[in-house]
1. Please report the accessible area of V176 (heavy atoms, 1.4 Å probe, ligands and nucleic acids excluded) in Å², nearest 10.
2. Using +1 on the beta carbon of Lys and Arg, -1 on that of Asp and Glu, and nothing else charged, what's the dipole of the chain about the Cα centre, debye to 20?
3. Answer with one residue from Q80, A105, F115: the one whose Cα lies farthest towards the positive end of the charge dipole of region 69-115, charges on Cβ with Lys, Arg +1 and Asp, Glu -1.
4. Determine the sum of side-chain charges near S166: Lys and Arg each +1, Asp and Glu each -1, restricted to other residues whose C-beta is under 11 angstrom from that of S166.
5. When a/c is below 1.5 the answer is rounded, else prolate if a/b is larger than b/c, else oblate, so apply that to region 200-257 with a ≥ b ≥ c taken from the square roots of the Cα gyration tensor eigenvalues.
6. Let me have the 222 nm mean residue ellipticity of the chain computed from DSSP H runs of 4+ only, each contributing -39500 (n - 2.57), with the sum over all residues rounded to the nearest 500.
7. Please report the spacing between the Cα centers of region 309-325 and region 136-213 in Å, no decimals.
8. With a ≥ b ≥ c taken as the square roots of the eigenvalues of the C-alpha gyration tensor of region 251-360, please select rounded if a/c is under 1.5 and otherwise prolate if a/b is larger than b/c or oblate if it is not?
Amino acid sequence: MNPDKQDKNAYTGKASGRQCWESPSNIALVKYWGKYPGQIPMNPSLSFVLKESVIRICIDYDIKPEYSFKLTGFKLNGQQNEGFARRIESFLTGIQTHFLFLKHARLKITSESTFPHSAGIASSAAAFSALALCLCSIEAKQLGTNTKNREFLQKASFVSRLGSGSACRSLYDGMVLWGESEFIHESSDEYAVRLDNERVHSDFYTLRDAILIIDDGTKPVSSSEGHALMHQHPFREVRKQQAHGNLKKLLLALSGGNKKLFCEIVENEALSLHSLMMSSNPGYLLMKPNTIHAIDVIRRFRVSTNIPLCFTLDAGPNIHLIHFEEDRQAVRELVQNELKDFCKEGKWIDDSMGNGPKQF
Ligand code: DP6
C-alpha cells in the first residue's frame, strides 16, 4: 500500500503557517515486540488510546522552493531536549519521500506533554502521531484536500509508524489493531485500523487505566534495543504464534463481552513481554520489586472481590491497572489504600479510554 495519493506535480511553492494537534498515548493489550526493517512488526498488536496522557504539538512552517529542509527549533515543555530533537530530525529527514514540501521546509516545533518524557508511558507514541498529523495537515492545506477523513488518518498512521511503531495506533478511538491478522481483513503491517463497533461489546468502551508510576527513571534498555534482541531470540517463532493466538482470543472476549477472558489475555501478554526481555541475550529486567508487590495485591484483590480488573506493563516498571468504569470507585480505594505506597512519591494517573487526536 502506498498512502501517498498526492500528485507529484502538486507541490505549489511558497507557504507558511502553523498546524497544531493534540495526540494521545496508547496502551497495548496484545504487545508489539520485535520488528523487521522498515518498522514492520513481527506480530499484530491491539491497544486503546488514553484520555489524559497526551502531547500537544505545533509546527510553524515556512516553505520556499529555494530552501532546503531544516529543523530550526524544537522544544518540549518549554525546554530544549537534544536527544529527542535528534530523533525527530532523523524522522523528518527519513520521511521526505512521503511529503514533497518537506525538502523545502523550515520547521519549528513546540510540544507540551501531560506526562514525564521517558517515564515508562509511551510518550513517543503520542509525539510521533501528533507530528505526523501536523505534517499531514500542512500537506492537506497545500493540496486543498480534506483532513480527518479515512485517507488522511491512514497516512498519518503510516507515517507515525516510521517514527515509533506504537505511534501508528494513536490515531483512533476505540480498539485499534496494527499488524496483519487473518481475523481482520483490512489489517495491515504498515498502518493501524480501528475495530468496527460491532466487534467490540459496549462495556469495553468504558475501560479505564490507573497508571501506577512505580519508577520514573530512564530505562536501562530502550524499546528499540529490546525489539532488536528479538531477532536472535530463542522464542521468537513461538512468540509470534502466541501473539496471533492471544489476539484471536482477545477478539472473542471483546465481541462477546467476556471480561474474565479479557483479563486473562491482557495479563498473559504483559508477563510474556517481560519474560521475553528476561530470556533475551543479554537478558534484562525492567520490573522493580514494587512492580511485583503491586501485581500481587492486584491479583489478591481480584480473587477476593471478583471485580474484573487486570494489569498490563509496557517496556518499563509501571503498572497499568485496567478496569471498567463501573468499578472506578473500588479501584480508586484500592490504589489509595494499598497500591499508592508502591508508587514513586505516591504518583499515579487516573486515566481512561480517550477519543483520539484533536486539532487545535
Ligand atoms: C512494549 O513503539 O516504543 O510498548 O517502534 O522502536 O519506537 P519503536 O518501539 P515502541 O515499542 C513499544 C513496545 C511496547 C508494546 C506496545 O506498545 O505494543
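The values are calculated or read from the model by the stated rules, or taken from the named source; none is laboratory data. On a predicted model such as this, the values are computed, not experimentally measured, just so you know. Note: ideal-geometry Cβ built from the backbone for every residue, glycine included; neighbour counts use all protein chains shown. Calculation scope for accessible area: heavy atoms of the full protein, side chains included, ligands and nucleic acids excluded. Shrake-Rupley method; radii C 1.70, N 1.55, O 1.52, S 1.80 Å.
1. 0 Å²
2. 700 debye
3. Towards the positive end, the residue furthest out is A105.
4. It works out to a net charge of +3.
5. Note, shape of region 200-257 comes out oblate.
6. Rounded to the nearest 500, it is -11000 deg cm²/dmol.
7. Region 309-325 and region 136-213 have Cα centres spaced 21 Å from each other.
8. It is rounded, given that a/c, with a ≥ b ≥ c, falls under 1.5.
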